[in-house]
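Below is one structure, written out as structure tokens; the observations come after it.
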């Protein structure tokens, strides 16, 4: 694919992008390997294709779960202090529905403005901690659904790694090894740079969601304590309704 794009030149390569975007998402799978290893494709080409590939695996009957107006709460230590120093059970309990977040920062954002962090453009900008004290951050969002979803996917842009929880139970993780236990100085698999910082990641969560009130919690982790940025953006939750409920 890289060879074709470079041979056709910029104008014809743009036409190639349009042709790919017009195909069925499954047809984009063939380009995955070339996209992942190619560094010489033009910057405009990569995000278009990765956005398309991110949709693969999410069924056509998907429903966007999160509401238009989203109240989020977050804890972002700027002094490098592990929250577990004051609350020994923090890393086990911050994601639970009963956890007290009265002292966390609160913000309301629209469904398209759910972006948090520092060092890169975001809608909710945090203070940048001093070098050597840039660790993790913790976010929560409560939402309600009036139907059952047998399968659920979370999409996000993440720099560098994250663990996702629903109602206190781990539901998925990105760029973090499965054997690593939740903690403040959480090692990630590797740093996220350049176009990777704005690439949409799709994670299929481990369980479905029943009707009622729920808590989505995310722990966001930095690659190093001297990293120039930390970012979570474009958070979206999709669900596939139970077939029995769709037929009603």
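The values are calculated or read from the model by the stated rules, or taken from the named source; none is laboratory data. Just so it is clear, the structure is predicted and the values come from calculations on it, not from any experiment. As a convention, Cβ positions derive from the backbone with ideal geometry for all residues, glycine included, and neighbour counts pool all protein chains shown.
Among the residues of region 176-195, none qualifies, meaning not one is in the same structural domain as residue 84 (by TED's automatic domain parsing), at pLDDT below 95, assigned to a strand (DSSP E or B) and surrounded by 13 or more Cβ atoms within 10 Å (Cβ to Cβ). Only one of the listed residues (203, 192, 176) is in contact with a strand residue (DSSP E or B) (Cβ under 7 Å, 6 or more places away or on another chain), without any contact (Cβ under 8 Å) to a residue 40 or more places away in the chain and closer than 16 Å to residue 232 by Cβ. That residue is 192.
In the condition set (1) touching a helix residue (DSSP H, G or I) at 6+ places or on another chain (Cβ under 7 Å); (2) modelled with pLDDT of 90 or more, residue 224 is compliant with all but (1). Out of all the residues in region 151-162, which are crowded, with 22+ Cβ neighbours inside 10 Å and assigned to a strand (DSSP E or B)? Passing the criteria: 152, 153, 154, 156, 158, 159, 161, 162. Answer yes if at least one residue in region 201-213 is buried (at least 19 other Cβ atoms within 10 Å of the Cβ) and in a strand (DSSP E or B), and no otherwise. Yes; the residues of region 201-213 include at least one that is buried (at least 19 other Cβ atoms within 10 Å of the Cβ) and in a strand (DSSP E or B). Among all residues of region 111-129, there is at least one that is more than 25 Å from residue 228 (Cα to Cα) and either modelled with pLDDT under 95 or in contact with a strand residue (DSSP E or B) (Cβ under 9 Å, 6 or more places away or on another chain) (or both). For region 100-108, check the following and say yes or no: at least one residue is within 19 Å of residue 80 (Cα to Cα) and outside any loop (DSSP other than H, G, I, E, B). Checking region 100-108: at least one residue is within 19 Å of residue 80 (Cα to Cα) and outside any loop (DSSP other than H, G, I, E, B).
Is it the case, given these coordinates, that residue 165 is under 21 Å from residue 72 (Cα atoms) and outside any strand (DSSP E or B)? Spelling it out, it is not the case that residue 165 is under 21 Å from residue 72 (Cα atoms) and outside any strand (DSSP E or B).
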